[in-house]
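First comes the structure, then the notes that go with it.
The values are calculated or read from the model by the stated rules, or taken from the named source; none is laboratory data. Here the structure is a predicted model, which means the values were calculated and not measured. A quick note on method: Cβ atoms are made from the backbone with ideal geometry, for glycine too, and the neighbour counts reach across all protein chains shown.
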Amino acid sequence: MGTIYVGVGDFAASNNPGDIIRTIGLGSCVGVILLAPRQRAVGLLHIALPDSSINLKRAQDKPGTFADTGIPAILKEMKKLGVTSSRDLAVKLAGGAAIMDSNNIFNIGKRNILAARKILWKYRLGALNEEVGGNISRTVTVDVDTGRVLLSSPARGEWEL
Amino acid sequence: MSLPEEIAQKVHSLPTLSSVAMRLVQIVNDEKHNVADMVRVISSDAILTSKLLRLANSAYFARGGEVTSVQRAVTMLGDRLVMGIVLGISNSEVYAKKLDGYAAESALWKHSIRTAIAAREMATVAKDKISPDEAFTAGLLHDIGKAVISEFLKGSTDKILYKLDNKVEDEFLGAEQALLGTTHPEVGFALANRWGLPESLSEAIRFHHAPDDAEEKYRTLVYTTHLGDLLSMIGGTDTGIDAFAYRVNPNYINYFTLTIKDVDRILLNIQTEFDAVKDVIGLTEDED
């Protein structure tokens, strides 16, 4: 029982009562939150980039870095906790903030969100709820006991997703 | 431009550089300086020496073989980089404090190191060749003004967020200007002058959000600092309420050729390098 911190490109799943999983300051990164109420298990993945083709070695060492390798990796973790069917999963998405950029080349947040949705769709998963984009950096906290997902941001307090 | 009285006083009340850092800046500013002068000054401070050697041996900087002498560290890292590192580690007043006025979740040091890494990365893809080490140093120093004005923003965060969310102000700088009569780059410039930093670095500090206003000869350096800062925020290492409240200057295309794939690759390199250095400089992974 404790708080599990998920760094950039990392992921964690838990069904331990009392555990909390947290990732801090998503910025343009996207947090993929998986909730399995029937198995009382949750998972959290912190994606930094859309596509693993830019660095296959990194994808092997740290699959959570990319949407296309991170989502299968976290689903595998959930499977270890007995979540074998996508019907048992509710998905939430957060993050993907953007700097103001008229050329959009630095809008990595948007590309991360689109990639995450696309890969989830391959597994017949769609987000039940999402808070993405905009100009704020979000911290995500997931509670194993209740399945509640809380977002927070500097000076903006905390709210439920 | 002159600073509002209160803030000018604050700039003058900040500690000047430690005598070691001050002498080092003077040495590096002198075109005829040599490595031996730097080594002598650094070696006179045992704590600084041990921190510098630890950094030189980190996964980020190490280039094969253990670095056991200051001489070797200076030769390997280069003058400008050593100066930047010494400024960082001997200036806890500026770098170690939490920026409460910005509601920052970590000290300025963390954002500064990531920006330094990002600026260095951008220097390697710039059309004009500039020193990646100088870009690193400029990145390390770009936000020093925030350490000065942070306390003057305290109590105003709700007002500032309201203005940004409702587009009363386009960028965070407008909110600083409205509230304080100045901005963090201007205050950083005043502090840079007080410290006697070289002109290239003081320009990078002053114009890191308005790179086209910098002198042409420093423009590439200033743009690497501009984009380094924004890439650091994009990667999730920001300084609080001003995160993402800035605009990319689209004229960067005159100084860099970048595709979307390049941006992805650069962001990944920054992350990998930041992971390699943060343990060494005491940045643990965000525990409360």
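Mind checking which residues of region A:124-144 are charged (D, E, K, R) and more than 14 Å from chain B (Cβ to nearest Cβ)?
As a first pass, look at region A:124-144 and keep what is charged (D, E, K, R): A:124, A:130-131, A:138, A:143.
Scanning region A:124-144 gives A:ARG124, A:GLU130, A:GLU131, A:ASP143.
Based on what the data block shows, is B:ARG54 closer than 22 Å to B:PHE136 by Cβ, assigned to a helix (DSSP H, G or I), of a type in the set (Lys, Arg) and at pLDDT 85 or above?
yes
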The lone condition B:LEU267 fails out of (1) under 19 Å from the mean Cα position of the chain (by Cα); (2) outside any helix (DSSP H, G or I) is (2)
Suppose the filter is modelled with pLDDT of 95 or more, part of a helix (DSSP H, G or I) and closer than 30 Å to B:MET22 by Cβ; does B:LEU221 pass it? yes
Every listed condition ((1) within 11 Å of another protein chain (Cβ to nearest Cβ); (2) without any contact (Cβ under 8 Å) to a residue 60 or more places away in the chain; (3) basic (Lys, Arg)) holds for B:ARG247 save (2)
Filter pass, B:LEU164 being of a type in the set (A, V, I, L, M), modelled with pLDDT of 95 or more and either surrounded by 18 or more Cβ atoms within 10 Å (Cβ to Cβ) or not in a helix (DSSP H, G or I) (or both): no
Residue that is surrounded by the fewest Cβ atoms within 10 Å (Cβ to Cβ), among those in region A:65-123 that are within 12 Å of another protein chain (Cβ to nearest Cβ) and of a type in the set (Ser, Thr, Tyr): A:SER102
State whether one or more residues within region B:117-128 are touching a residue at least 40 places away in the same chain (Cβ under 8 Å), surrounded by fewer than 23 Cβ atoms within 10 Å (Cβ to Cβ), of a type in the set (A, V, I, L, M) and in a strand (DSSP E or B). yes
List pairs: first residue in region B:22-49 and among the charged types (D, E, K, R), second residue surrounded by 12 or more Cβ atoms within 10 Å (Cβ to Cβ) anywhere in the structure, Cβ distance under 7 angstrom, at least six positions apart or on different chains. B:ARG23/B:VAL41; B:ASP37/B:ILE27; B:ASP45/B:VAL20
For residues in region B:73-106 being outside any helix (DSSP H, G or I) and within 14 Å of chain A (Cβ to nearest Cβ), which is surrounded by the fewest Cβ atoms within 10 Å (Cβ to Cβ)? B:LYS98
Give me a count of the residues in region B:84-109 that are farther than 19 Å from B:ARG206 by Cα and within 10 Å of the chain's Cα centre (by Cα). 0
Across region B:218-241, the tally of residues that are within 9 Å of another protein chain (Cβ to nearest Cβ) and among the charged types (D, E, K, R) stands at 1
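Considering each residue of region A:61-106, count those that are polar (S, T, N, Q) and in contact (Cβ under 8 Å) with a residue 24 or more places away in the chain, and give that number.
The initial filter retains those residues of region A:61-106 that are polar (S, T, N, Q), namely A:65, A:69, A:84-86, A:102-104.
Filter again for in contact (Cβ under 8 Å) with a residue 24 or more places away in the chain, leaving A:65, A:86.
Of the residues in that region, 2 qualify.
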Looking at region A:2-60, which of the residues that are charged (D, E, K, R) and at the interface with another protein chain (Cβ under 9 Å from one of its Cβ atoms) is farthest from A:VAL140 (Cα to Cα)? A:ARG58
Scan region A:1-36 residue by residue and report those that are under 14 Å from the mean Cα position of the chain (by Cα) and assigned to a loop (DSSP other than H, G, I, E, B). A:VAL6, A:GLY7, A:VAL8, A:GLY9, A:ASP10, A:ILE24, A:GLY25, A:LEU26, A:GLY27, A:SER28, A:CYS29
Taking the stated definitions as given, is B:LEU191 crowded, with 20+ Cβ neighbours inside 10 Å, under 15 Å from the mean Cα position of the chain (by Cα), within 14 Å of another protein chain (Cβ to nearest Cβ) and touching a residue at least 12 places away in the same chain (Cβ under 8 Å)? no
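Determine whether B:LEU179 is over 11 Å from the mean Cα position of the chain (by Cα) and crowded, with 24+ Cβ neighbours inside 10 Å.
It is false that B:LEU179 is over 11 Å from the mean Cα position of the chain (by Cα) and crowded, with 24+ Cβ neighbours inside 10 Å.
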